[in-house]
1. It is to be established whether one or more residues within the range 103-110 are assigned to a strand (DSSP E or B), touching a Ser or Thr at 6+ places or on another chain (Cβ under 7 Å) and of a type outside the set (Ser, Thr, Tyr).
2. Tally time: how many residues in the range 100-131 are in contact with a Leu (Cβ under 9 Å, 6 or more places away or on another chain), over 13 Å from Val40 (Cβ atoms) and at pLDDT 95 or above?
3. Quick one: how many residues across the range 57-91 are surrounded by fewer than 17 Cβ atoms within 10 Å (Cβ to Cβ), assigned to a loop (DSSP other than H, G, I, E, B) and among the aliphatic types (A, V, I, L, M)?
4. Tell me which residues, restricted to the range 86-95, are modelled with pLDDT under 95 and not aliphatic (A, V, I, L, M).
5. Which of the following residues is within 17 Å of Ser48 (Cβ to Cβ) and touching an Asp or Glu at 6+ places or on another chain (Cβ under 8 Å): Leu110, Leu114?
6. Test each condition in (1) assigned to a loop (DSSP other than H, G, I, E, B); (2) in contact with a strand residue (DSSP E or B) (Cβ under 9 Å, 6 or more places away or on another chain) for Ala94 and report the one that comes out false.
7. Given the conditions (1) surrounded by 13 or more Cβ atoms within 10 Å (Cβ to Cβ); (2) over 25 Å from Glu136 (Cβ atoms), which single one is not true for Asp53?
8. Suppose we filter Val84, Val71, Val55, Val104 for residues that are touching a Pro at 6+ places or on another chain (Cβ under 8 Å) and not small (Gly, Ala, Ser); which single one remains?
Amino acid sequence: MVSLCCAVIGMLKARALLALLAAAIALALAAPLAASSLSVTVGTDRRSYRRGDTVLISGAVSWGGGAPTAVLVSITVRNPEGAVVFSKTVQPSASGNFSVSVAVGEGWLLGRYLVDAVAYASSETDSATAYFYVREPSAIRLVVPER
């Protein structure tokens with residue numbers, strides 16, 4: 001009877017230990033999924049541009065872990081075919097704002113362009129996306145009657 005009692009107690013201890021281990025594993029797996037304190041936004045000053053125009057890309061970062069100036073933001077612009085046409089890394093101001101100007105080249109394709117902003121701080125990252133369009137130039141034809 002004593003050995004049966006010891007066996008039952010041993011099983012209960014083993015189950016308690018397994019439950020504790022399962023809880024520890026669940027906590028460890030959930031930790032990386034916790035919300036990041038780093039946040040980035042990005043946008044452009046207009047929705048569409050023509051060749052020769054200048055695109056103003058701007059955004060803001062906030063970081064609960066420190067000054068925004070400790071954050072780096074990588075800005076990449078991709079054309080409608082996915083090729084990178086512009087890439088630059090910037091450091092936000094003390095207020096967390098950043099901006100960069102990009103000239104729309106004469107050889108740029110018509111269509112939708114993707115702007116990616118990826119913020120890096122310590123071991124945290126966050127990203128944001130914006131779009132803009134490069135359109136055909138407006139054509140106005142003036143006809144002046146001859147006199």
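1. yes
2. So the count comes out to 4.
3. Matching residues across the range 57-91 total 2.
4. Scanning the range 86-95 gives a single hit, Ser95.
5. Answer to the check: Leu110.
6. (2)
7. Answer for Asp53: the failing condition is (2).
8. After applying the criteria, what remains is Val71.
The values are calculated or read from the model by the stated rules, or taken from the named source; none is laboratory data. These numbers come from a predicted model, not from an experiment. Ideal geometry is used to build each Cβ from the backbone, glycine not excepted, and the neighbour counts take in all protein chains shown.
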